[in-house]
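Some notes on the structure that comes next.
The values are calculated or read from the model by the stated rules, or taken from the named source; none is laboratory data. The structure presented is a predicted model; accordingly, all values stated were derived computationally and were not measured. Using ideal geometry, Cβ is built from the backbone for each residue, glycine included, and neighbour counts are taken over all protein chains shown.
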Amino acid sequence: TQLLEQSPQFLSIQEGENLTVYCNSSSVFSSLQWYRQEPGEGPVLLVTVVTGGEVKKLKRLTFQFGDARKDSSLHITAAQTGDTGLYLCAGGNSWGKLQFGAGTQVVVTP
Amino acid sequence: KAGVTQTPRYLIKTRGQQVTLSCSPISGHRSVSWYQQTPGQGLQFLFEYFSETQRNKGNFPGRFSGRQFSNSRSEMNVSTLELGDSALYLCASSYGQGALGELFFGEGSRLTVL
């Protein structure tokens, strides 16, 4: 059983479209991280959010941490083929291990 | 600076054998974590080492073990391999321990058990 549930599991869109992926949990986390993993590589950190309600923007990517620090979303505006990858959320607390969701596979086609 | 290096990248074993995977963290990083990645299950935490001590352990059987050396390099061992152990094993290093810092991942060791 995953502590962090990500949805959808798979998303296929065309270039220029927008997309949102979600990360939900019944647990409260001190921080929520988003990683992107491309084929044959390890995950790479995109952002860390630590405050409930926090919104961070990274160019076309917008990350939001829920008010109760149990959920998060990632929104991509005007997707590009380079956004293709497996998006993983991970929740953490200072005393424990980082817990990962199963990921959302995003495919952006030309 | 050099990233996290994992060896070997690919290996094939048969049931009942044992395997040792190696991870060299980024220079200066003292924490090394290991994860098992399988399709649909995401990254499952195996263990975390900091300054040669195991700090956290996931819910894996005792066949999975690890250690960290004084130079922060880490190894994990899986004994009596089972078909279900086929996975990508990822190592990640970070400067501090715990779950608030950024993890830097290696490219992984892909294990196939026949």
Checking B:G96 against (1) in contact (Cβ under 8 Å) with a residue 12 or more places away in the chain; (2) buried (at least 17 other Cβ atoms within 10 Å of the Cβ): exactly one of these is not met. Which one? (2)
When only residues in segment A:67-110 that are buried (at least 20 other Cβ atoms within 10 Å of the Cβ) and more than 14 Å from chain B (Cβ to nearest Cβ) count, which is nearest to A:Q37 (Cα to Cα)? A:V106
Go through the residues of segment A:35-58 one by one and say whether even a single one is within 11 Å of another protein chain (Cβ to nearest Cβ), surrounded by 13 or more Cβ atoms within 10 Å (Cβ to Cβ), in contact with a Ser or Thr (Cβ under 7 Å, 6 or more places away or on another chain) and modelled with pLDDT under 95. yes
Output the residues belonging to segment B:21-63 that are at pLDDT 95 or above and surrounded by fewer than 13 Cβ atoms within 10 Å (Cβ to Cβ). B:P61, B:G62
Those residues of segment A:48-67 which are outside any strand (DSSP E or B) and not charged (D, E, K, R), in sequence order: A:V50, A:T51, A:G52, A:G53, A:G66
Check segment B:57-68 and report whether any residue there is within 14 Å of another protein chain (Cβ to nearest Cβ) and touching a residue at least 40 places away in the same chain (Cβ under 8 Å). no
Top-ranked residue in segment A:21-34 [being buried (at least 19 other Cβ atoms within 10 Å of the Cβ) and among the small types (G, A, S); ranked as farthest from the other protein chains (Cβ to nearest Cβ)]: A:S25
Criterion: farther than 26 Å from B:Y95 by Cα, of a type outside the set (D, E, K, R) and touching a strand residue (DSSP E or B) at 6+ places or on another chain (Cβ under 8 Å) - qualifying residue of A:V108, A:V47: A:V108
By residue number, the members of segment B:23-73 that are more than 13 Å from the chain's Cα centre (by Cα) and acidic (D, E) are B:E52
Enumeration of residues in segment B:36-52 that are of a type outside the set (G, A, S) and facing chain A (nearest Cβ under 7 Å): B:Q41, B:L43, B:F45, B:E48
